[in-house]
Amino acid sequence: MSIRDVYIVDAVRTPIGKFGGALAGVRPDDLAAHVVRSLVDRTPELDPARIDDVYFGDANGAGEDNRDVARMAVLLAGLPVSVPGVTVNRLCGSGLEAVIQAARAIAVGDASVAVAGGVESMSRAPWVMQKPERAFPAGHQQMYSTTLGWRMTNPELPAEWTVALGEGAELIADKHGITREQQDAFALDSHRKAAEAWAKGLYDGEVAPYEGVALLRDECIRESSTPEALARLKPVFRKDGSVTAGNASPLNDGAAALLLVDEEGLRATGREPLARIRSSAVTGIEPQLFGLGPVEAVRRALAKAGKGFGDLTTFELNEAFAAQSLGCLAEWPGLDPAVVNPRGGAIAIGHPLGASGARLAGAVAHQLAAAGSGTGLAALCIGVGQGIALVLER
């Protein structure tokens, strides 16, 4: 069996909304439907009935995104009912996992045209509770927020594995000697690059605002932030720690989607592809050091593609925390930091869990198309100790 080439024809995303912000009134299945519909509308020569499957990442799935949000997106977007959909969950890597699974199906001939993406509404994530062990309990019942992090934790897991995500970032700061000043400087740079990219119109071709919502750009960008303002923020996870709300990614709402095809599917679109998928990798690491998950995943993905750090023209690394990103960069001495997140990262743009991987893959594809050639990489750390990476080329 021959392996087919897989191309990314287009990628689109919503502006990323802040927690309780402009997109908080929009259901996650509607966000997902919006990017699917926008993607299809941008390629009018493609008959939507030719889409073999829709893959969507979704990290929580506990509220309005239940019941297979990918299939809900297909139906709400008005695609033919013959188009199926599947939802995947690899936590923060879910959106990129969706891209990888769609690409794999095309590569082996199971599909010719596929949509892959991700969605998350952290604003609308519900509270949940466990079912009582017996009927009519008289006592109070505990409720859990599904917005972020551990809940209903299995007591058999070692305590060091189930620390808060921010404490994991503190552990990485300890491991690599990363200072508060370095983290704040990294965060400021993320906001600066994102603001400059928007001002230059670099996101205009990949962002589709949600109709009826007055949000035209990513809502958490703070170009006016200063070192002094960040220095005044108190550590969140340790009294004497270095991780703050200012040097960590915020809570967000948003969706992203990509159109993937083989050669036959490419002809059906009548378009030139943005990029070609070369390789991918997923790896595991100690859960408390989840932030370093991309380190080995990136190495493996590059090796599969026959590439090295010196070949990269752009690298979208998800900024869950400044300490986490700086820790990864410290373990890649051959990487030029100048190619990393050239248009800003998640600290400024936002991190809507299930959507982020698809946003990063789409960003790399658009940047390669703008450059005309090159090799790009998208990678994310994943809670509970995993890393995921994807190599693209043009």
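So the values come out like this:
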quantity	calculated
All aspartates and glutamates inside 18 Å of residue 193 as judged from Cα atoms, apart from same-chain residues fewer than 8 positions distant	184, 204, 206, 218, 219, 223, 316, 319, 336
Stretchable slack from residue 286 to residue 167, in nm (0.36 nm times residue separation minus alpha-carbon distance)	41.5 nm
Estimated dipole of the range 23-76 in Debye, rounded to 20 [Cβ of Lys and Arg +1, of Asp and Glu -1, Cα centre]	100
Links that overshoot a 32 Å alpha carbon limit, given the list 234/304; 18/304; 175/307; 200/239	234/304; 18/304; 200/239
Total charge dipole magnitude, the chain, about the Cα centre, Cβ charges on Lys, Arg, Asp, Glu only, Debye to nearest 20	260
Test item: Cα-centred dipole of the range 234-381, Lys/Arg +1 and Asp/Glu -1 on Cβ, debye	100
Point-to-point label distance, residue 47-residue 331, nm (Cα→Cβ direction, 7 Å offset)	4.9
Neighbourhood net charge (14 Å Cβ-Cβ; Lys/Arg +1, Asp/Glu -1) for residue 303	+3
Long-range Cα-Cα pairs in the chain (distance over 39 Å), rounded percent	13
Cβ-defined net charge surrounding residue 226, 14 Å radius [Lys, Arg +1; Asp, Glu -1]	-2
Estimated 222 nm signal from helices in the chain, with DSSP H stretches of n ≥ 4 weighted -39500 (n - 2.57), rounded to 500	-9500 deg cm²/dmol
Cα extents of the range 239-390 along the three principal axes, largest first (Å)	58, 34, 27
GNM flexibility winner over the chain from 214, 194, 330 (Cα, springs under 10 Å)	214
Debye equation applied to the C-alpha atoms of the range 28-161, log10 I(q)/I(0) at 0.12 Å⁻¹	-0.56
Debye intensity ratio in log₁₀ form over the Cα atoms of the range 86-147, taken at each q of 0.15, 0.17, 0.18, 0.20 Å⁻¹	-0.65, -0.72, -0.75, -0.82
Span from the the range 236-306 Cα centroid across to the the range 150-227 one, whole angstrom	14
Accessible area expressed per residue, the chain, with surrounding protein chains retained (probe 1.4 Å, Å²)	41
Under the span-like rule (Cα at least 15 Å along the axis, Kyte-Doolittle mean at least -1.0), DSSP H helices of the chain	28-41, 94-107, 165-176, 294-305, 353-371
Most mobile of 227, 333, 132 in a GNM of the chain (Cα contacts under 10 Å)	132
Computed label-point distance, nm, for sites residue 86 and residue 133 using a 7 Å Cα→Cβ extension	3.7
Positive-pole candidate from 213, 145, 186, dipole of the chain, charges at beta carbon	145
Residue of 144, 210, 55 that the Gaussian network model of the chain assigns the largest fluctuation, springs spanning Cα pairs under 10 Å	144
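The values are calculated or read from the model by the stated rules, or taken from the named source; none is laboratory data. In this text the structure is predicted, and so the values were computed from the model without any measurement. All Cβ positions, even for glycine, are placed from backbone atoms using ideal geometry, and neighbour counts span all protein chains on display. These area figures cover heavy atoms from the full protein model, side chains too; ligands, DNA and RNA do not enter into them. Shrake-Rupley method; radii C 1.70, N 1.55, O 1.52, S 1.80 Å.
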